[in-house]
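These notes are about the structure you will find just below.
Read-outs throughout are calculated quantities, based only on the coordinates presented, and are distinct from any laboratory measurement. All of these numbers come straight from a predicted model, not from anything done at the bench. Backbone-built Cβ (ideal geometry, glycine too); neighbour counts: all protein chains shown.
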């Protein structure tokens, strides 16, 4: 089953007509804290449990569940996971939070953070550079590190899943203290 999508403009029109919209943002808590659609709640992809999400929906379980991330890719992954668990009527927001900002949806802005995609580029680049330098100056076998990272990037591109991103999402600098999460969510 393919994932249904909706544009940020269509989402905004639904919201302005008074429709009750349940929107989950699957980015890391730090990314969510930086900027998020005002009526979204944070359910990070790395800890997304479809049964918990469905149970929290209560009597609204049959209504559409909208999913958003930064640009759409993680949102699609979350939708796939929710659909595979039997949750129907899941809709991904095209273009993610970036597109919602462009479309003029109400957003909550907080403390600036580095995006997960940027962290992956930095980590991958550093690992490739390290492998190449160690291979040149120390032992040629270190070039295998660069090859391993390259293979991982190729796999991420083909499958649209990033193992390094999943690992980085769990790092302490991508987490938010529980009391800080509550104060951010109360603004939404």
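Structure notes:
- Remark on the range 116-174: hydrodynamic radius 12.0 angstrom, per the Kirkwood mean of 1/r across alpha carbon pairs.
- Measuring nothing but how far apart in sequence close Cα pairs (under 8 Å, 6+ apart) lie, relative to its length, the chain scores a relative contact order of 26 percent.
- Cα-based helix-to-principal-axis angle, 143-159 vs the chain, degrees rounded to 10: 20 degrees
- Computed over the alpha-carbon pairs of the chain, the distance histogram in 5 Å steps reads 1, 8, 15, 18, 18, 15, 9, 6, 4, 3, 2, 1, 0 percent, short to long.
- DSSP beta bridge pairing in the chain, given as percent antiparallel to the nearest 5: 20 percent
- The range 77-188: Rg to Rh, with Rh as the Kirkwood radius over Cα pairs: 1.08
- Cβ-based exposure ranking for 24, 91, 143, in which fewest neighbours within 10 Å come first: 143, 91, 24
- Most mobile of 43, 53, 158 in a GNM of the chain (Cα contacts under 10 Å): 158
- Least to most buried among 25, 139 (fewest other Cβ within 10 Å first): 139, 25
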